[in-house]
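Quick notes on the structure that follows.
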Amino acid sequence: MRIGVLAVQGDFAEHIAILRRLNVDCLEVRLPEQLDDVSGLIIPGGESTTLSRLMSIYNLREPVQDMARAGKAVWGTCAGMIMLAHEITEADPVPLQLMDIGVRRNAFGRQIDSFEQELDIAGLDSRPFHAIFIRAPVVMRVGDKVKTLATLADGQAVAVRQGNLMATAFHPELTRDTRLHQYFLDLAAAPAGGAGRGS
Amino acid sequence: MVDVLTGTFTVKSGHAQMLKGGVIMDVVNAEQAMIAQEAGAVAVMALERVPADIRADGGVARMTDPAIIQNIMDSVSIPVMAKCRIGHFVEAQVLEAIGIDYIDESEVLTPADEVHHVWKHDFQVPFVCGCRDLGEALRRISEGAAMIRTKGEAGTGDVVEAVRHMRAVQDAIRKLQNMPEDELVVEARNLAVSLELLTQTREEGRMPVVNFAAGGVATPADAALMMQLGADGVFVGSGIFKSGDPAQRGYAIVQAVTHYNDPKILADVSKDLGEPMVGISTRSIPQEELLAPRSI
């Protein structure tokens, strides 16, 4: 099984380092044809406006939408979550509209409001996950077919899953904890289900 | 109740990790900031004057008027950085108070302290600092810098110093990796850095924080050159808004940084960009007017 990591901008190298520690074959994806032989894709943290622009210029939008609709696993972290959303609270960037969620960018404020905290995540063992939020988005609307995996103390959703698709507002790739990457690999290895088929 | 931690080194250096593979552009007003964002910049550096103009004007260069910075912050959704003078911790406090996303403690402004840098651990906001070699970089990191950029020679459009500094950093790391452990103490003393940071650098085989290239990048090929030499991303100062067609050039440099290893794409994006900024050869600048040797 080979996992692609979208490498147009952002912390793709950090995701690849974790996948390598899990002995997974991975590929940096910058052009559409590179998506042909991957079983899953991670859209990393980065600047969502930049990711969006570069995905448009190099015609990456449709192939990513096609692979997600064909049931391949796709995971977005932070900027990646913004890209997977159905709608966002600003006009820019234009998301891929793959998950039935509404997302707000920079939901906690500017960089000085970035934070880290322990988080309980459904589907993992009982140990809390150390979650790092950097100029992070938050899920404002959770669709019927979307399962919330983690919330903050005030109830805001920060990790969600919809069938073969998942999104986290924080950055597991900045920690040494491989559990969410393993969770994603299990999704990628499961038989194709198609977006929106529930969990 | 869950502990929520802000201003940690993890969230400061983590922000720089999100900027990787990106271009940070110097802008002097909201209109330029919006052009930069549209071109795909991952952040903008809010300034009163770009380095080429600071160089031409002479005099004392200080922190930009907070009103100008705030105007730029209000105009874009990408992160906004601003410069304080080296050692001027009150300028840094002012920038933190207006909610800036990153502070560049920069040799491009006139240093306020020729001995000490800002003690950056005291701040919630992250700092980026310049370096000419690994020793300078690790000294800045021990003061709390969460991101490093090579200094290059700002405002020249001449990439030669950026190349020199990036090669110096990479050479020092390669040397470190081949060095027997019992020589590390002396190497730490020679570089005037802590043994701990030096050991960490040796083990990871890279700078402990994100390292961008800066100072003289003017073309897509310059940007890709710095990426192939090992930069994590690129600052472009005067190179964009001192050129004939800033939107087109900015857009091209953004693509060059993503596709830095693909000469065919580099050829495509290098076409029809109009006039580049008028450069000054670094060789022609008198020693005392060079910015990079300030406060090491």
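No value in this document is a laboratory result; all are computed from the given coordinates. Please read these numbers as outputs of a predicted model, since none were measured by experiment. Reconstructed Cβ throughout: ideal geometry from the backbone, glycine too, with neighbour counts over all protein chains shown.
What the table below lists for this structure:
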item: Max mean-square fluctuation residue, GNM over chain B, Cα-Cα springs under 10 Å, options B:239, B:274, B:215; result: B:274
item: Listed residue pairs exceeding 26 Å between alpha carbons, taken from B:20/B:151; B:151/B:175; A:145/B:20; B:20/B:120; B:20/B:242; B:151/B:271; result: A:145/B:20; B:151/B:271
item: Estimated FRET transfer efficiency (residue A:179, residue B:283; beta-carbon r; R0 45 Å; 0.05); result: 0.25
item: Equivalent ellipsoid semi-axes - Cα gyration tensor, region B:236-276, angstrom; result: 18, 11, 7
item: Gyration tensor over alpha-carbon atoms, the protein assembly as shown, equivalent ellipsoid semi-axes in Å; result: 36, 25, 22
item: Distance in nm between pseudo-label sites at residue B:261 and residue B:67 (7 Å out along the Cβ direction from Cα); result: 4.9
item: Pairs of Cα atoms farther than 25 Å apart, region A:1-109, %; result: 15
item: Translational D in µm²/s for region B:80-198 (Stokes-Einstein at 25 °C, 0.890 mPa s, Kirkwood Rh from C-alpha pairs); result: 162
item: Shielding by partners, peptide A:107-119 (average Cβ within 10 angstrom, other chains); result: 6
item: Whether chain A is rounded, prolate or oblate, judged on the alpha carbon gyration tensor where a/c under 1.5 counts as rounded; result: rounded
item: Other protein chain Cβ atoms within 10 Å, averaged over every residue that makes up A:128-135; result: 4
item: Tail fraction, Cα-Cα pairs, chain B, threshold 28 Å, whole percent; result: 33
item: Under 18 Å from residue A:147, Cα to Cα: aspartates and glutamates that are on another chain or at least 8 residues apart; result: A:87, A:100, A:120, A:125, A:186
item: Exercise: per-residue mean of other protein chain Cβ atoms within 10 Å, A:39-49; result: 4
item: FRET efficiency, residue A:130 to residue B:248 (Cβ-Cβ, R0 41 Å, nearest 0.05); result: 0.45
item: Highest-first arrangement of B:99-107, B:280-288, B:72-80, A:148-156, where packing means the average Cβ count within 10 Å; result: B:99-107, B:72-80, A:148-156, B:280-288
item: Sorted by Cβ density within 10 Å, fewest first, the residues B:12, B:271, A:147; result: B:271, A:147, B:12
item: Rel. contact order, % - alpha carbon contacts under 8 angstrom, at least six apart, region B:149-296; result: 30
